[in-house]
Amino acid sequence: MDLLNAFITLANFVIIPAIAYGSQLALGALGVTLIYGILRFSNFAHGDTMAFGTMVTILITWLFQAWGISLGVLPTALLALPFGIAGCAAFVLLTDRAVYRFYRTQKAKPVILVIVSMGVMFIMNGVVRFIIGPDDHNFSDGERFIISARTFRELTGLQEGLAIRTSTGITVITAVVVVALLFWFLNKTRTGKSMRAYSDNEDLALLSGINPERVVLVTWVIVAALATVAGTLYGLDKSFKAFTYFQLLLPIFASAIVGGLGSPVGAIAGGFVIAFSEVTITYAWKKVIVYVLPDGMGPDGLVQLLSTDYKFAVSFIILLVVLLFRPTGLFKGKSV
Amino acid sequence: MNAMVKNTGLFALVALLIVITGIMQSWNTALLILNMGLISAIMALGVNLQWGFAGLFNVGIMGFVALGGLATVLIAMPPTEGAWAAGGYGIVLGLLMGAATIVAAVMAWARLPKGRVRSLAVLAILIVGFFLYRAVFDPAVNAVEAINPASTGNIGGLGLPILMAWPVGGLLAAGVAWVIGKTALGLRSDYLAIATLGIAEIIIAVMKNEDWLARGVKNVIGLPRPVPLEVDLQRDPEFVERAASFGMDAVTASTIYVKLEYAALFAVVLIILLWMAQKALNSPWGRMMRAIRDNEVAAEAMGKDVTRRHLQVFILGSAICGIAGAMMTTLDGQLTPGTYQPLRFTFLVWVMVIVGGSGNNFGSVLGGFLIWFLWVQVEPIGLWLIGTLTSGMADGALKAHLMDSAAHMRLFTMGLILLLVLRFSPRGLIPEK
């Protein structure tokens, strides 16, 4: 029995990856939930918005790398991130002007807006594939590990190593900063307050002189920023591929709904609920159990509840359970 | 110009486009477009039943189509020697135990009084049931997959005629649609969308990973065919003679003949389904559906069971998609789970329905043909366009990149078509009456 090693293994393979993945999902779900709260539709193009923002970031990263600019131990992509956000915001605002605004002034039904967002999704997907291609791109550079498994073992003398990758550290720090900024903005600034007012009661907000177009504009810019940050962090952590980003739509929607659509706190909680369930259910627990149980009592199999290929099923089942028992989500979102 | 003339004109236009393809490219290409167009039209009919009749937003079409494909393997492939004895019954038993666990949990939830006891009991049933299920299921799966993994490794099919797989595909899709409908219908409209999006991904994941079922990503090839093989026709002197009398060589004639036979089969299915859909649309049932779609509250006040009717139409529409999926796999002659892409199988069908005209069966059929034609032809057109545009450019990385990327024009074009139709003609080419 060796609880310390068991805990290190658990941290290395479950807790740390799940925190990183959860942060990425939370940022993505925040974007979905903001759109839902203010523009009042489920944005199916969100995965591709993330892909677009990440693509711009990658292109700028390559440019910087060609110029020899780097951040030393940190990935160059961090430097390119503001440009990615700007590019993504410009594109998203363009789609709002060209597409969504028409239906907004018409007061179209939400489901029509969902279909429209499907069209935008096609176009964004096409643009991303046109510019950067459908292949995998790894754009992470700089130091790979904050602490590698071997250094950890040498430092502590433990049997198990604990590796913290740079991308994980950056993901968590960036996510915390971004979320803090967002909540400060929503709760303290005048524009943020008007956004919340608009989300709570559109008619009252209009009556008190809030300019709806301004609220929508600010929302899109924030959503573009969140999507680009989420996409870039995911890309740094894993790799960039247009199709993977499209597939992220499901866990992101699951996070937003589990937390309660329209509730920013819910989106963050939902992101971590989904990430931890996915990782714990698809992890092979054998190693941890062997450490915890007395010698010679370890299990024969891998003790993996579901194979990793079914990670979508995990977010889906959680989604179904929440829909069945608490349709407004954990944090009482809207239900229109 | 009345509506009848306009609609006939639109269908004639699509027919003309296909004929032009036949003359300009080849008749094989044209017939391939026609065959897939027929299948797409059936898928569009199914989605139109859900969206056009009832206003249900289903984005899991890919999953139902894939289930139809699975049905062809389970029905038509010859049974694998010894697979049932080795583990087939174990797998069935395991699945039944899994299902029984869920039923028991649901019953416990419904019967026991509310409180901590109930939560713990349900949780215990689920956990114990899961481990029992894995204990029975896993060894059986390993036994089946161990049988000659290079060529089979699955439980195989029933060895029945492949045409029987078409209705079975519909039934499979209907069964899954029932489960989804039971949980997600009656909630908000977007929730059904997200639930169906999820179930489609899961169905594909199951088909990719459960090798015992249909070999997963190792694919099942050489499905039996409802039509003769081309090589057999080429060996048949009578056929060669008749081809010669048309002035064609035997190879071309045989490929065209086979495709025409497929087209005839598909057309029969399409006509039957179209007839049924038309009957349903103009029946009291169809009127009730539209009444529910247009005003749920009023329909409910008139004593209509909205959720039940929604469930009904959701199952019917999904079953039609399942039939179309089985037909498509029959045409391909192989089941390749890796090729199911949501953009191609779910969202493209949506473009077909919206462009054709939601709520109108003929509209969806037209949309099916037209959008499938564009989907196939946008790629060569895009290549040609980029080629012309860049013809003045010096050869280099940029030109090469542009030429490589031309293939991705089709997604962009489909999105553009969808948005333009939604904006300027939201009722589609053939609007609902």
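A:GLY169: surrounded by fewer than 20 Cβ atoms within 10 Å (Cβ to Cβ), under 21 Å from the mean Cα position of the chain (by Cα) and assigned to a helix (DSSP H, G or I), yes or no? The answer is yes for A:GLY169. Please state which one of A:ILE60, A:ILE69 is β-branched (Val, Ile, Thr), surrounded by fewer than 17 Cβ atoms within 10 Å (Cβ to Cβ) and more than 13 Å from every other protein chain (Cβ to nearest Cβ). Of the residues listed, the single one that is β-branched (Val, Ile, Thr), surrounded by fewer than 17 Cβ atoms within 10 Å (Cβ to Cβ) and more than 13 Å from every other protein chain (Cβ to nearest Cβ) is A:ILE69.
Screening A:PHE243, A:PHE276 for residues that are more than 13 Å from chain B (Cβ to nearest Cβ), in a helix (DSSP H, G or I) and more than 10 Å from the chain's Cα centre (by Cα) leaves exactly one candidate, A:PHE276. Checking the stated criteria, A:TYR291 turns out to be surrounded by fewer than 24 Cβ atoms within 10 Å (Cβ to Cβ), of a type in the set (Phe, Trp, Tyr), in contact with a Leu (Cβ under 9 Å, 6 or more places away or on another chain) and farther than 30 Å from B:GLN341 by Cβ.
The listed residues are A:GLY84, A:GLY37, and the only one of them that is surrounded by fewer than 23 Cβ atoms within 10 Å (Cβ to Cβ) and in contact (Cβ under 8 Å) with a residue 40 or more places away in the chain turns out to be A:GLY37.
Take the conditions assigned to a loop (DSSP other than H, G, I, E, B), more than 17 Å from the chain's Cα centre (by Cα) and free of Cβ contacts under 8 Å to residues at least 12 places away in the same chain and apply them to B:GLY415. Does it pass? No, not satisfied.
For B:GLY37, are the conditions met, namely being part of a helix (DSSP H, G or I) and crowded, with 17+ Cβ neighbours inside 10 Å? Yes.
For the stretch A:84-131, the candidate set comprises residues that are facing another protein chain (nearest Cβ under 7 Å) and aromatic (Phe, Trp, Tyr); within that set, the residue that is nearest to B:GLU379 (Cα to Cα) is A:PHE130.
Report yes if some residue within the stretch B:183-195 is assigned to a helix (DSSP H, G or I) and more than 13 Å from chain A (Cβ to nearest Cβ); otherwise report no. No, the stretch B:183-195 has no match at all. Within the stretch B:103-148, the set of residues being of a type in the set (Lys, Arg) and under 29 Å from B:ALA83 (Cβ atoms) comprises just one member, B:ARG134.
The rows are residues; the columns are (1) closer than 30 Å to A:HIS46 by Cβ; (2) of a type in the set (S, T, N, Q); (3) in contact with a strand residue (DSSP E or B) (Cβ under 9 Å, 6 or more places away or on another chain).
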position	(1), (2), (3)
B:LEU120	no, no, no
B:VAL141	no, no, no
B:ASN154	no, yes, yes
B:GLY170	no, no, no
B:LEU185	yes, no, no
B:ILE194	yes, no, no
B:ILE199	yes, no, no
B:TRP212	no, no, no
B:PRO224	no, no, no
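For the stretch A:149-160, the criterion of being buried (at least 22 other Cβ atoms within 10 Å of the Cβ) and in contact (Cβ under 8 Å) with a residue 60 or more places away in the chain is met by at least one residue.
Taking the listed residues A:GLY266, A:GLY260, the one that is over 15 Å from the mean Cα position of the chain (by Cα), of a type outside the set (Phe, Trp, Tyr), surrounded by 15 or more Cβ atoms within 10 Å (Cβ to Cβ) and within 19 Å of A:PHE41 (Cα to Cα) is A:GLY260, with no other qualifying.
Conditions (1) under 27 Å from B:ALA200 (Cβ atoms); (2) in contact with a Lys or Arg (Cβ under 9 Å, 6 or more places away or on another chain); (3) not assigned by TED's automatic domain parsing to the domain that holds B:LEU187, marked per residue:
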site	(1), (2), (3)
B:GLY52	yes, yes, no
B:VAL65	yes, no, no
B:LEU70	yes, no, no
B:LEU132	no, no, yes
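Annotation note: of A:THR280, A:THR308, the sole residue that is hydroxyl-bearing (Ser, Thr, Tyr) and either closer than 18 Å to A:LEU226 by Cα or modelled with pLDDT of 85 or more (or both) is A:THR280. Per the listing B:VAL231, B:VAL220, B:VAL227, B:VAL168, the residue uniquely β-branched (Val, Ile, Thr), loosely packed, with under 15 Cβ neighbours inside 10 Å and either over 26 Å from A:PRO299 (Cβ atoms) or not assigned by TED's automatic domain parsing to the domain that holds B:TRP109 (or both) is B:VAL231. The requirement of being loosely packed, with under 15 Cβ neighbours inside 10 Å, within 12 Å of chain A (Cβ to nearest Cβ) and over 27 Å from A:THR95 (Cβ atoms) is satisfied by B:ALA400. Taken over the stretch B:205-252, the residue count meeting the criterion of being assigned to a helix (DSSP H, G or I), away from chain A (no Cβ under 14 Å) and within 30 Å of B:ILE75 (Cα to Cα) is 8.
Being among the β-branched types (Val, Ile, Thr), crowded, with 21+ Cβ neighbours inside 10 Å and within 26 Å of A:LEU217 (Cβ to Cβ), is that true of even one residue in the stretch A:18-34? Yes, the conditions are met somewhere in the stretch A:18-34. Considering only residues in the stretch B:418-433 that are more than 8 Å from chain A (Cβ to nearest Cβ) and assigned to a helix (DSSP H, G or I), the one that is surrounded by the fewest Cβ atoms within 10 Å (Cβ to Cβ) turns out to be B:PHE424. Output the residue which, of all residues in the stretch B:108-127 that are within 14 Å of chain A (Cβ to nearest Cβ) and in a helix (DSSP H, G or I), is farthest from B:LEU213 (Cα to Cα). If we take residues in the stretch B:108-127 being within 14 Å of chain A (Cβ to nearest Cβ) and in a helix (DSSP H, G or I), then B:ARG118 is farthest from B:LEU213 (Cα to Cα). The residue of the stretch A:288-336 that is nearest to B:GLY198 (Cα to Cα), among those that are more than 8 Å from every other protein chain (Cβ to nearest Cβ) and acidic (Asp, Glu), is A:ASP300. Quick check: is even one residue across the stretch A:304-317 free of Cβ contacts under 8 Å to residues at least 40 places away in the same chain, under 21 Å from A:ASP2 (Cα atoms) and buried (at least 18 other Cβ atoms within 10 Å of the Cβ)? No: the stretch A:304-317 contains no residue that is free of Cβ contacts under 8 Å to residues at least 40 places away in the same chain, under 21 Å from A:ASP2 (Cα atoms) and buried (at least 18 other Cβ atoms within 10 Å of the Cβ). You will find that of B:VAL176, B:VAL144, the residue that is within 14 Å of chain A (Cβ to nearest Cβ) and touching a Gly at 6+ places or on another chain (Cβ under 8 Å) is B:VAL176 and no other.
Selection of helices (runs of 4 or more DSSP H) fully inside the stretch B:319-405 by the criterion of at least 3 residues being under 15 Å from the mean Cα position of the chain (by Cα) returns B:348-356, B:361-389. Just wondering, is there one or more residues in the stretch B:78-90 that are at pLDDT 90 or above and more than 14 Å from chain A (Cβ to nearest Cβ)? No, every residue in the stretch B:78-90 fails to be at pLDDT 90 or above and more than 14 Å from chain A (Cβ to nearest Cβ).
The values are calculated or read from the model by the stated rules, or taken from the named source; none is laboratory data. Everything quoted here is computed from the prediction, not taken from an experiment. Note that we place each Cβ from the backbone using ideal geometry, even for glycine, and neighbour counts take in every protein chain shown.
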